[in-house]
Amino acid sequence: MSAPLPAPIDPATLPALARATIRDAKFPMLATLDGDQPRLRPVSPVRVDEDTLTIYVANLRGYHKTAEIAAQPKVELCYLDSRHDQVRLTGVAEVLTDRPLLEEIWDANPLLRRYLGSLDNPDLIIYRIRPHRVRFMREWALEYHEVPL
């Protein structure tokens with residue numbers, strides 16, 4: 001049995017394909033480094049800026065990934081949607097300190113408010129992951145396409 005042939009991709013559609021995959025997948029896997037050991041876990045973004053493909057991820061100070069990101073802020077998010085298309089977003093995680101943006105994120109996320117009680121909870125960290133590389137791959141294509149930023 002031969003593998004299915006993926007539909008050809010018009011390069012002009014890559015940003016839209018990446019955004020659609022991110023919307024559909026919702027819960028990417030976040031890759032970090034723990035010394036020389038890669039670590040991978042699912043995360044639930046609290047905000048996605050579709051124009052820039054900047055992803056915001058909430059975290060608790062006591063989680064192990066906090067130390068991993070502090071030691072090495074280079075990370076990668078991998079989204080896999082229901083069609084098995086994937087987006088790999090490579091960037092640097094930085095602690096968000098922009099108070100108006102933090103308030104916007106807080107106000108839009110009832111789960112954050114329920115579990116953490118206050119935006120000023122010292123356990124809360126919001127990471128902004130600005131991509132410097134985004135790649136898209138359609139299922140069975142076995143080839144990544146660079147998404148222009």
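Derivation of every value follows stated rules applied to the coordinates shown; laboratory data play no part. On a predicted model such as this, the values are computed, not experimentally measured, just so you know. Virtual Cβ from ideal backbone geometry, glycine too; neighbours counted across all protein chains shown.
Before moving on, here are some points about what is shown:
- For Asp24, net neighbour charge (Lys/Arg +1, Asp/Glu -1) across residues whose Cβ lies under 11 Å away: +2
- Converting phi to 3J(HN,Hα) with the Karplus coefficients 6.51, -1.76 and 1.60 and the offset θ = phi - 60°, the stretch 138-149 yields 7, 3, 6, 6, 6, 8, 8, 10, 6, 8, x, 9 Hz in sequence order, with x at every glycine or proline.
- Kirkwood-based shape ratio for the stretch 1-64, expressed as Rg/Rh from alpha carbons: 1.10
- Phi-derived couplings, Karplus 6.51 cos²θ - 1.76 cosθ + 1.60 at θ = phi - 60°, listed residue by residue for the stretch 126-133: 10, 9, 9, 10, 8, x, 10, 8 Hz, with x used for Gly and Pro.
- The Rg/Rh ratio of the chain, with Rg taken over Cα atoms and Rh as the Kirkwood radius over Cα pairs, comes to 1.01.
- Of Leu112, Leu17, Leu30, the one that fluctuates the most in a GNM where the chain has Cα springs shorter than 10 Å: Leu112
- Förster radius 41 Å - calculated FRET efficiency between Ser118 and Glu139, Cβ distance, rounded to 0.05: 0.45
- 3J(HN,Hα) along the stretch 11-21: x, 5, 8, 4, x, 5, 5, 5, 4, 5, 5 Hz, from the Karplus curve 6.51 cos²θ - 1.76 cosθ + 1.60 with θ = phi - 60°, whole Hz, x for Gly and Pro.
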